[in-house]
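A short write-up of the structure that comes next.
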Amino acid sequence: MPRLFLLRHAKSAWPEGVADRDRPLAPRGERGAAAIGAYMAENNLFPARALVSPARRTLETWDIATRTWPAHTPPVFEAGIYEASADRLLEIIRAQEGHSPLMLVGHNPGTEELAARLLTRAHRVKVLPKYPTGALAVIDVPGADWAHIATGEGTLERFVTPRALGVAKD
């Protein structure tokens, strides 16, 4: 059964005059990314492949989250993730033959919409109506491979937020 780690970038800053794609993480985001990365390491949640949006805040989320991991596969920087709809994200995932667990580090609203699309109705309510920054959903989907995954059939194995791990607001 394919497994997806769906990580929304951690809390970002909004510096004046900086383009959206170039926004860095806020201090809280740095703490949140470190907490999620440590949680993943403690629970042996390592991806076989990671697709990361090229936006600065997703790159920083990945870099900070993986600092304490043992050796891991380098990420694939996937331009199509930035500002992608759930449909586009699903296309990207379906092209990832043989890579499970697969990790996607992206943005809202696409991340939230993708989780809603993949999960059964009973599991959907655990991640909606808000998919906070830095949140990690671990989703198991029935099927032999990514190319054949169906929507509305995924099981939420866990949903973790930086706040649940003790990361306080600034």
Q. Which number in (1) under 17 Å from residue 10 (Cα atoms); (2) open to solvent by 50 Å² or more (accessible area, probe 1.4 Å); (3) touching an Asp or Glu at 6+ places or on another chain (Cβ under 8 Å) marks the one condition that residue 64 misses?
A. (2)
Q: Answer yes or no as to whether residue 111 is outside any loop (DSSP other than H, G, I, E, B), open to solvent by less than 40 Å² (accessible area, probe 1.4 Å) and not hydrophobic (A, V, I, L, M, F, W, C).
A: yes
Q | Number of the exception - residue 92 against (1) free of Cβ contacts under 8 Å to residues at least 60 places away in the same chain; (2) outside any loop (DSSP other than H, G, I, E, B); (3) closer than 20 Å to residue 133 by Cβ; (4) within 14 Å of the chain's Cα centre (by Cα) | A | (3)
**Q.** Output for segment 53-76, where each listed residue is at pLDDT below 95 and within 15 Å of the chain's Cα centre (by Cα)
**A.** 75, 76
Q: Among the residues of segment 121-170, write down those that are on the phi > 0 side of the Ramachandran plot and over 15 Å from the mean Cα position of the chain (by Cα).
A: 143, 152, 166
Q) Is it the case that segment 28-43 has a residue that's at pLDDT 95 or above and outside any helix (DSSP H, G or I)? A) yes
Q) Can you name the residue in segment 1-60 that is touching a helix residue (DSSP H, G or I) at 6+ places or on another chain (Cβ under 7 Å) and among the hydroxyl-bearing types (Ser, Thr, Tyr) and is also surrounded by the most Cβ atoms within 10 Å (Cβ to Cβ) among such residues? A) 53
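The values are calculated or read from the model by the stated rules, or taken from the named source; none is laboratory data. Given the structure is predicted, the values throughout are model-derived calculations rather than measurements. Ideal geometry is used to build each Cβ from the backbone, glycine not excepted, and the neighbour counts take in all protein chains shown. What goes into the accessible areas is simple: the full protein's heavy atoms, side chains included, and nothing from ligands, DNA or RNA. Shrake-Rupley method; radii C 1.70, N 1.55, O 1.52, S 1.80 Å.
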